[in-house]
1. Pick from L108, L128: which is closer than 20 Å to G265 by Cβ, open to solvent by less than 10 Å² (accessible area, probe 1.4 Å) and among the aliphatic types (A, V, I, L, M)?
2. May I ask you to say which residue of T114, T132 is assigned to a helix (DSSP H, G or I) and β-branched (V, I, T)?
3. So which residues in the range 241-257 are in contact with a strand residue (DSSP E or B) (Cβ under 6 Å, 6 or more places away or on another chain) and in a helix (DSSP H, G or I)?
4. Any residue at all in the range 325-332 that's within 21 Å of the chain's Cα centre (by Cα) and in a strand (DSSP E or B)?
5. Do you know which of the residues in the range 84-105 that are farther than 24 Å from K228 by Cβ and polar (S, T, N, Q) is least open to solvent (accessible area, probe 1.4 Å)?
6. Is there a residue in the range 50-66 that is open to solvent by 90 Å² or more (accessible area, probe 1.4 Å) and at pLDDT 70 or above?
7. Hey, any hits in the range 150-159 for a residue that's open to solvent by 10 Å² or more (accessible area, probe 1.4 Å), closer than 24 Å to H125 by Cα and either out of contact with any His (no Cβ under 8 Å at 6 or more places or on another chain) or modelled with pLDDT under 95 (or both)?
8. Got a number for residues in the range 284-324 being assigned to a helix (DSSP H, G or I) and loosely packed, with under 14 Cβ neighbours inside 10 Å?
Amino acid sequence: MAPNAQTQAIRKLRLMTAIKTPYTTEGKCSSHFGFNRVPTFFCAHTSLCSGHLFEARGNMAPNAQTQAIRKLRLMTAIKTPYTTEGKIDLEAYNAHVEHQIANGVEGLIIGGTTGEGHLFSWEEHLFLIKHTKEKFGDRTVVVGNTGSNSTAEAVFATKKGFEAGMDCSLLINPYYGKTNKRGIVMHLEAGMKFGPAIIYNVPGRTGSDILPDVVAEIADHENFAGMKECMGHERIAEYSAKGIPCWSGNDEQSHESRYKHGGQGVISVTSNVVPGLMRKLMFDGPDDELNQKMQPLFKWLFQEPNPIPLNTMMMQMGVCKPVFRLPYTYVPKAAREEIVKLVPELGAENFYGSEPLKVLEDSDFQHVVPVDDH
């Protein structure tokens, strides 16, 4: 198709300005279009972003709730299944959580990258936190991924997440709209004020590394539970030597990080499908043989950006419907055939689901784009 007239007009432009947005002293931007361009929930919480969030504080020991989080070794970044209409499939989700608990997973990350929280509305996100806490909160720790690159949004979501019952937040440094060291500290502390928080460092996704000197400035906060760290063994060993709890964010490194570098445990993607085996790696002492045996599964699950392979595999397992929210889609058929052959090598009995994996055809998968008309 040839470009239409509007597209052709855009193509002729030579100079465009990425224009600065000014704010009032209340932190609002003026509307020149006859309507409020700032989301209502931001406007309602602008006072939360005032200077009182950043007052100097002395050293504080972690409180009882934070200390409880620090003891966890195995948490799953849990997958969110969908119905054919693209809604959250609570029946499949509940069954998945039951299997996690039965196999020794101690905590769940709700709406993380793996759980596709970035594809949720905030209503969906907070609903799933509340649902998980009300139904399973007496048997597992509920960690809500309420971080954001917008400080106002992170403050709003974290405050509401604790009101919904979550035990801990997962907070991230600003991505895309990156900031400097002081900005990262202020951003994280704004979210940490509401309750225990795990700080997530994943430069591969954010484009910005939370360096140890930043962590040193927040490590004495009473709500600082520790780091989910994706920068490898050396970084985890550095934090461990300073008494900072650190969960590996890299499944393939988590066993070595745990036993050779002082890591506390893992926040795992792989435990979605083999929670019992991940528990063995974290709780039963060094097991180099099992760790090596699991490396092909780790490699398969991260051959493409997470959660694409995990989603595909769980659909092949028949434990969720083959429905993707875009922009996610399935791995190629050759990869689907590969995982069918790989499962018996680890023992099909170790995997979630009661039926053998199917390869599935490309036509079996469905893609949806949920649209909120309100």
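The values are calculated or read from the model by the stated rules, or taken from the named source; none is laboratory data. Since the structure is predicted, the reported quantities are computational estimates derived from the model, not experimental observations. Positions of Cβ are generated from backbone atoms using ideal geometry, with glycine treated the same way; all protein chains shown enter the neighbour counts. Quick note on the areas: whole protein, heavy atoms, side chains included, nothing else; ligands and nucleic acids left out. Shrake-Rupley method; radii C 1.70, N 1.55, O 1.52, S 1.80 Å.
1. L108
2. Exactly one residue qualifies, and that residue is T132.
3. D251, S254, S257
4. There is at least one residue in the range 325-332 that is within 21 Å of the chain's Cα centre (by Cα) and in a strand (DSSP E or B).
5. Applying the filter and picking the extreme gives N94.
6. Yes, some residue in the range 50-66 is open to solvent by 90 Å² or more (accessible area, probe 1.4 Å) and at pLDDT 70 or above.
7. Within the range 150-159, one or more residues are open to solvent by 10 Å² or more (accessible area, probe 1.4 Å), closer than 24 Å to H125 by Cα and either out of contact with any His (no Cβ under 8 Å at 6 or more places or on another chain) or modelled with pLDDT under 95 (or both).
8. Summing the residues that are assigned to a helix (DSSP H, G or I) and loosely packed, with under 14 Cβ neighbours inside 10 Å in the range 284-324 gives 5.
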